[in-house]
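The values are calculated or read from the model by the stated rules, or taken from the named source; none is laboratory data. Owing to the predicted nature of the structure, the values given are computational and were not obtained by experimental measurement. Quick reminder, even Gly has a Cβ in these numbers, built from the backbone with ideal geometry, and neighbours come from all protein chains shown. Only protein heavy atoms, including side chains, enter the accessible area calculation; ligands, DNA and RNA are left aside. Shrake-Rupley method; radii C 1.70, N 1.55, O 1.52, S 1.80 Å.
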Amino acid sequence: MGIPCDDIVLVQLGSTPTEPSVVTVNCPDKNGLGCDLCRIILEFGLFIVRGDFSTDGRWCYIVLWVVPDASSDKVDWESLKNRLLSVCPSILVPYYFNQPSSNSSKPSLYLLKYCCVDRKGLLHDATKVLTELEFTIQRVKVMTTPDGRVLDLFFITDGLELLHTKQRREETCEHMIAVLGEYSISCEIQLAGPEYESLQAFTSLPPAVAEELFGSELPDKEDFSRVLSTEVTQNKASITVDNLLSPAHTLLQIKCADQKGLFYDILRTSKDLNIQIAYGRISSSVKGYRNMDLFIRQTDGKKVVDPKQQTALCFHLKEEMLHPLRVMVTNRGPDTELLVANPVELCGKGRPRVFYDVTLALKALGICIFSAEIGRHSTSHRQWEVYRFLLDESLEFPLASSQARNRIVEKVKKTLMGW
């Protein structure tokens, strides 16, 4: 039992540049499918401005209205369609069979070595090229030499899954050199072996820095429960829990500030907490705020009626809506370091386009990056992806100034959140 491939994912482009395009997905359901779809949409630099979706646990129907991020020059809509199709359960399998929650095969990791002459904004420009070619940067190591050269080590996976071919590797290097021009010295790509796994780790953060970076931005659950009745309101988010409207589902009515990746963060959190969303509606943003109605249930099919479970669910959702990313500037010995952290999904995937947005923000500020790396850090209850940037001091931007550091944090946060 199946349907034609062309009908599983449909993309209807807006008639004008400002009109949203409509993405429709009609396929068998699986655990975490909505999260996977929204992750790809975020990866392609798209905002979800409106949405409707429903599922009976076997089949789902999703409609999303999307617009490109201001920093995205172009969107390859056909490639987006193919990527969305790749995470949909196979149509060759009857829809009533249970589907796995993720692909069983892990994409191959490749190492791209790019050597060039240093200049302002170079790291973002290289990142932009890789993003447009549909590579995902899993880890990075950037080193600046005393003679003004830079060696960038990008550990990447290929969204097209063609990097094993000589043609794809050669075209990638040729495109990198052509776009980045006279600053390029060399470019080569090879399969990353197990000897490179050590580059994923880095020296542990100082306890005081780790506590500030990863500490909860909300009151603890005990304090939080005191202000949870039928509605929780704090800062820029509120959640109403209703078990009377539907006989089979718990209704969550959410209002919060609009931001990039908002729906991805909600679905990611729900997926990790084993909460199933049967029906959802995302309303258009009004005066910078967005309303959502989510009809949910637990994996055993029951409503969320336990007050403690409601408290925990609201606490986690609010934390991810209000603080999906952490940003701070600190000292690393005599140097100034920018730290950016985001939660890792239980399946091991990090947040898309973080490295892209951070390097874009630093380029806009005219700040040079001396070195950069991506790694993982584990706390007592979750794993984080941490981006570390050693920043170059300059006369135009004295990094020792608290005012300058606040500007960096503000610019990076606004770029990451799409504000």
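Using the Cα centre as the reference, give the magnitude of the dipole from point charges on the C-beta atoms of the chain (Lys, Arg: +1; Asp, Glu: -1; all else neutral), rounded to the nearest 20 debye. Please list the in-between numbers first.
Working: 47 positive and 53 negative charges, 150 e Å.
The dipole of the chain has a size of about 720 debye.
What number comes out for accessible area per residue over the chain if the probe is 1.4 Å? Units Å², please. Before the final figure, lay out the partial values.
Numbers: 20100 Å² over 419 residues.
Result: 48 Å² of accessible area for each residue.
Using the Karplus curve 6.51 cos²θ - 1.76 cosθ + 1.60 with θ = phi - 60°, work out ³J(HN,Hα) for each residue of segment 292-299 in order, rounded to whole Hz, and write x for Gly and Pro.
9, 10, 10, 9, 10, 7, 7, 5
Which of Ala341, Cys368, Pro146 sits closest to the plus end of the dipole of the chain, meaning its Cα is farthest towards the positive end, when Lys and Arg get +1 and Asp and Glu get -1 on the C-beta?
Value computed over the given set: Ala341.
With the full set of protein chains in place, find how many percent of the accessible area of the chain is carbon and sulfur; take the probe as 1.4 Å. Before the final figure, lay out the partial values.
Details: 10380 of 20100 Å².
Result for the chain: 52 percent of the exposed heavy-atom area is carbon or sulfur.
State which entries of Lys363/Lys413; Lys302/Lys413; Lys106/Lys128 exceed 26 angstrom in Cα-Cα distance in the structure shown.
Numbers: Lys363/Lys413 14 Å; Lys302/Lys413 38 Å; Lys106/Lys128 24 Å.
Over 26 Å apart, Cα to Cα: Lys302/Lys413.
With a/c under 1.5 counting as rounded, go ahead and sort segment 272-335 into rounded, prolate or oblate using the C-alpha gyration tensor (a ≥ b ≥ c being the square roots of the eigenvalues; past the cut-off, prolate if a/b is larger than b/c, else oblate). Please list the in-between numbers first.
Values: a/c = 3.23, a/b = 1.67, b/c = 1.93.
Oblate, since a/c reaches 1.5 and b/c is not below a/b.
Mind checking which lysines have their C-alpha under 17 Å from Lys303, skipping anything on the same chain fewer than 8 residues away?
Here the lysines satisfying the reach criterion relative to Lys303 are Lys271.
Please give the calculated 222 nm ellipticity per residue for the chain, where each DSSP H segment of at least 4 residues contributes -39500 (n - 2.57) and the sum is spread over every residue; nearest 500 deg cm²/dmol?
Dividing the helical sum by the residues of the chain leaves -8500 deg cm²/dmol.
Just need the relative contact order of the chain here, percent rounded to a whole number, with Cα pairs under 8 Å and 6+ apart.
Numbers: 736 pairs, mean separation 66.2, N = 419.
The normalised contact order for the chain reaches 16 percent.
Do you know the relative contact order of segment 268-419, to the nearest whole percent, from alpha carbon pairs under 8 angstrom that are 6+ apart? It would help to have the intermediate numbers written out before the result.
Numbers: 190 pairs, mean separation 28.1, N = 152.
Reported relative contact order: 18 percent.
From the convex hull of the Cα coordinates of the chain, what is the mean projected area in square nanometres? Intermediate results must be reported in sequence, preceding the final value.
Working: hull surface 88.5 nm².
Here the figure is 22.1 nm², rounded to one decimal.
Can you find, among Cys38, Asn331, Thr250, the residue sitting farthest towards the positive end of the charge dipole of the chain, where Lys and Arg contribute +1 and Asp and Glu -1 at Cβ?
Thr250
Could you work out the Rg to Rh ratio of segment 271-391, with Rh taken as the Kirkwood radius (inverse of the mean 1/r over all Cα pairs)? Before the final figure, lay out the partial values.
On the way: Rg = 18.4 Å, Rh = 17.3 Å.
That ratio equals 1.06.
Of Leu395, Tyr356, His316, which is farthest towards the positive pole of segment 307-419's charge dipole, taken about the Cα centre with +1 and -1 on the beta-carbons of Lys, Arg and Asp, Glu respectively?
Of Leu395, Tyr356, His316, it is His316.
Given +1 on the Cβ of Lys and Arg, -1 on the Cβ of Asp and Glu, and no further charges, what dipole in debye does segment 319-396 carry about its Cα centre, rounded to the nearest 20?
Details: 9 positive and 11 negative charges, 63 e Å.
Rounded to the nearest 20 debye, it is 300 debye.
Which one of Asp306, Asp29, Asp272 has the biggest mean-square fluctuation once the chain is modelled by GNM with Cα springs under 10 Å?
Ranking Asp306, Asp29, Asp272 by mean-square fluctuation puts Asp306 first.
Cut-off 10 angstrom, C-alpha nodes, Gaussian network model of the chain. Which of Gly288, Gly375, Gly350 fluctuates the most?
Gly288
Would you mind getting me the FRET efficiency between Tyr279 and Ala364? Use the beta-carbon distance for r and R0 = 35 Å, nearest 0.05. Kindly include the intermediate steps, with their values, before the conclusion.
Working: r = 40 Å, r/R0 = 1.15.
Computed FRET efficiency for Tyr279 and Ala364: 0.30.
In whole Hz, with x marking every Gly and Pro, tabulate ³J(HN,Hα) for segment 15-21 from phi via Karplus 6.51 cos²θ - 1.76 cosθ + 1.60, θ = phi - 60°.
Couplings: 6, 10, x, 8, 7, x, 8 Hz.
Report, in debye and to the nearest 20, how large the dipole of segment 264-317 comes out about its Cα centre when Lys and Arg carry +1 and Asp and Glu carry -1 on their Cβ.
Values: 9 positive and 5 negative charges, 27 e Å.
Once rounded to the nearest 20, the dipole reads 120 debye.
In the Gaussian network model of the chain, springs joining C-alpha atoms below 10 Å, which of Ser238, Ser246, Ser90 carries the largest mean-square fluctuation?
Ser246
Residues with amide H under 5 Å of Gly418's amide H, sequence separation 5 or more or different chain, H placed in the peptide plane at 1.01 Å from N; which?
Distant-sequence amide H within range of Gly418: Lys260.
When the Karplus curve 6.51 cos²θ - 1.76 cosθ + 1.60 is applied with θ = phi - 60°, which whole-Hz ³J(HN,Hα) does each residue of segment 44-49 get, with x for Gly and Pro?
Per residue, the Karplus-derived 3J(HN,Hα) values read 8, x, 10, 9, 8, 9 Hz.
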